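Enquirer: For reference, the structure I am asking about is given below.
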Amino acid sequence: MRPVKEIFDEIHGFIDLYQTEVEVLENCALTRLRHVLQLGPAYNVYPSATHTRYAHSLGTMLLADKLYSGAVAEPEQEERRVIRLAGLLHDVGHLPFSHALPGDHEALGIKIIKQYLADDLASYLETIIDVLKGRHELSPIISGEVDADRLDYLIRDAHHLGLPYKGVDLERVIRHARLVKLGSRWVMAFSEGSEVAVEALIITRLELFRRVYYHKHVTALEALLAKIYNNMIEENLLEPPSEIIASGEWCFFDDCFLLEKIKGLSRRGGWLGEASRMFLHGEIPVLVAEVHLPSSSHQDVTGELLEASAECGIPQEWVIVHIPKLIPVKDPDSLLIIRGDRLESIMNVNGSLLKALKDFAYSPVRVYTRREHAKRLRECIQPRLARLKP
């Protein structure tokens, strides 16, 4: 493999690019990511959070290559090409403003790859899809408890947010990563001595979620934007993502496109016009309640809150409910340390801090509204929320 181009990344330095990668990067499905912000509307809270999915995709490609080169006993050139391309394409299906809008970006990504990138990828197409769908032995490099995606976004996001996180020992994690077979599936394991580095990565991710990604003002803007977006689709002002892909217009469906739509709506009356003006001006909805409820209550809570608000004469469209969900370690059994010739869960290592996180889940119910409704809505919903508490 001979690089044909290089690109400078502020996090990783120079990244070499190979011919197929250059062709993929020139495809509009990838250039679109230059105009999709990595952290959505978080720039209203953290002004420097203006980095893009495009830069993150390049970083993920590089780290996927490094993980592969160290984790596989006998690296092969064809597999290396596949894993680099899979890293480059893992976020191609993100909607505008990234995670702010509802949708399965991974499923959309597969559709986009098949429709827009099949010719560029040629013989690699089906293998890349298998990797991205989790059906290939190389899949844990792209999607796992510790993977190239997470390694890049934790470092990149902390850098742009100006946060003093030094908890990700990138070199140690990469040097100690090994692809191993656990029963019928492949997982990423780490050689003995890297436990602290792996723990630090998981804990740093948890801190970033609680401090940034699920910051009460960030989720307020995401919830407002999601409600605007859903109303646009319901009123046939915008096509659903699957239809945009099928129409061939996906390459134009980025943050700029959606903002222009919202600017147009801001000239209208009614809720959609008011909400659009609010979002454009960076006016953050007021948090009137935050309560931790059993997950079994989450399905009913929105209905309860809407019913209570109606009884109090508050417009239901201004009751904005957001339920972030974070599980620091989704699959503890796949987070493994290699000790001699055996695999051991990192949770069982003496002194492991992750034991305390095994059953931890962070999923508060947050209720927002416009400032003029805040006092009345807070008083109105408190009895309902109190009854839902265990």
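The values are calculated or read from the model by the stated rules, or taken from the named source; none is laboratory data. Predicted model, so just to flag it, every value in this text is computed and none were measured. Backbone-built Cβ (ideal geometry, glycine too); neighbour counts: all protein chains shown. Only protein heavy atoms, including side chains, enter the accessible area calculation; ligands, DNA and RNA are left aside. Shrake-Rupley method; radii C 1.70, N 1.55, O 1.52, S 1.80 Å.
Enquirer: Please give me the summed charge of the neighbours of Glu137: other residues whose Cβ is under 11 Å from its Cβ, Lys and Arg +1, Asp and Glu -1.
Expert: Its environment carries a net charge of +1.
Enquirer: Still on this structure, I have one more. State which stretch of the chain is the longest one without any exposed trypsin sites (Lys or Arg not before Pro), exposure meaning a DSSP loop state and at most 15 other Cβ atoms within 10 Å.
Expert: Values: sites that count: Lys133, Arg135, Lys166, Arg267, Arg268, Lys325, Lys330, Lys358.
Longest site-free region, per DSSP loop and neighbour criteria: 1-132.
Enquirer: Using a Gaussian network model of the chain whose springs link C-alpha atoms within less than 10 Å, name the residue from Pro47, Pro102, Pro324 with the highest mean-square fluctuation.
Expert: Pro47
Enquirer: Which whole-angstrom value gives the distance between the alpha carbon centres of region 176-225 and region 77-154?
Expert: Here the answer is 18 Å between Cα centres.
Enquirer: Rounded to two decimals, what is the ratio between the C-alpha radius of gyration of region 37-113 and 2.2 N^0.38 Å? Before the final figure, lay out each step's value.
Expert: Values: Rg = 14.8 Å, N = 77, 2.2 N^0.38 = 11.5 Å.
Compared with the compact-globule rule of thumb, region 37-113 sits at 1.29.
Enquirer: Follow-up. When the accessible area of region 187-231 is computed with all protein chains present and a 1.4 Å probe, what percentage of it is carbon and sulfur?
Expert: 50
Enquirer: Using +1 at the C-beta of Lys and Arg and -1 at the C-beta of Asp and Glu, which of Tyr362, His12, Ala71 has the Cα lying farthest in the positive direction of the dipole of the chain?
Expert: Selected residue: Tyr362.
Enquirer: Give the distance, in whole Å, between the Cα centre of region 338-390 and the Cα centre of region 1-71.
Expert: 32
Enquirer: For the chain, take the longest principal axis of its alpha carbons; what is the angle in degrees between that and the long axis of helix 148-161, to the nearest 10 within 0 to 90?
Expert: 50
Enquirer: Over the chain, calculate the relative contact order: mean separation of alpha carbon pairs under 8 Å at least 6 apart, over the residue count, as a percent.
Expert: Working: 587 pairs, mean separation 61.0, N = 390.
This gives 16 percent for the chain.
Enquirer: May I pose another question? Report the label-to-label distance for Asp169 and Gln115 in nanometres (one decimal), using points 7 Å from each Cα along the Cα→Cβ vector.
Expert: About 4.6 nm, to one decimal.
Enquirer: Can you give the angle from 0 to 90° between the axis of helix 53-71 and the longest principal axis of the chain, with both taken from C-alpha atoms, to the nearest 10?
Expert: 40
Enquirer: Here is a further query. Over the chain, what per residue volume does the convex hull of the Cα atoms give, in whole Å³? Present the calculation step by step, with values, prior to reporting the outcome.
Expert: On the way: hull volume 58.1 nm³, N = 390.
Convex hull of Cα atoms, per residue: 149 Å³.
Enquirer: Continuing with this model, one more query. Considering only Gln115, His176, His281, whose Cα is most displaced toward the positive end of the charge dipole of the chain, charges sitting on Cβ of Lys, Arg (+1) and Asp, Glu (-1)?
Expert: His281
Enquirer: Jot down the radius of gyration and Dmax of region 235-390, Cα atoms only, both in angstrom.
Expert: Every Cα atom of region 235-390 included, Rg and Dmax give 22.0, 68 Å.
Enquirer: Moving on to the next point. Relative contact order (percent) for region 294-367, with alpha-carbon contacts under 8 angstrom and 6 or more residues of separation?
Expert: 34
Enquirer: Give the accessible surface of the chain per residue, rounded to a whole number of Å², with probe radius 1.4 Å and ligands, DNA and RNA excluded.
Expert: Each residue of the chain exposes 45 Å² on average to a 1.4 Å probe.
Enquirer: Any chance you could look up the accessible area of Leu306 with a 1.4 Å probe, heavy atoms only, rounded to 10 Å²?
Expert: For Leu306, solvent-accessible area is about 50 Å².
Enquirer: For region 1-100, what's the relative contact order in percent, using C-alpha pairs closer than 8 Å and at least 6 residues apart? Write down the numbers at each step before the final one.
Expert: Numbers: 119 pairs, mean separation 27.4, N = 100.
Once normalised by length, the contact order is 27 percent.
Enquirer: How far is helix 216-234 tilted, in degrees, relative to the longest principal axis of the Cα atoms in the chain, given as a value from 0 to 90 rounded to the nearest 10?
Expert: 80
Enquirer: Suppose we look only past 25 Å in the calculated P(r) of region 104-241. What percent of the Cα-Cα pairs does that tail hold?
Expert: Distances greater than 25 Å cover 49 percent of the Cα pairs.
Enquirer: Only four residue types carry charge here, +1 at the Cβ of Lys and Arg and -1 at the Cβ of Asp and Glu. Report the dipole size of region 187-316 about the Cα centre in Debye, rounded to the nearest 20.
Expert: Magnitude of the dipole: close to 480 debye.
Enquirer: Next question. Roughly how compact is region 1-55, stated as its Cα Rg over 2.2 N^0.38 Å to two decimals?
Expert: Normalised Cα radius of gyration, region 1-55: 1.34.
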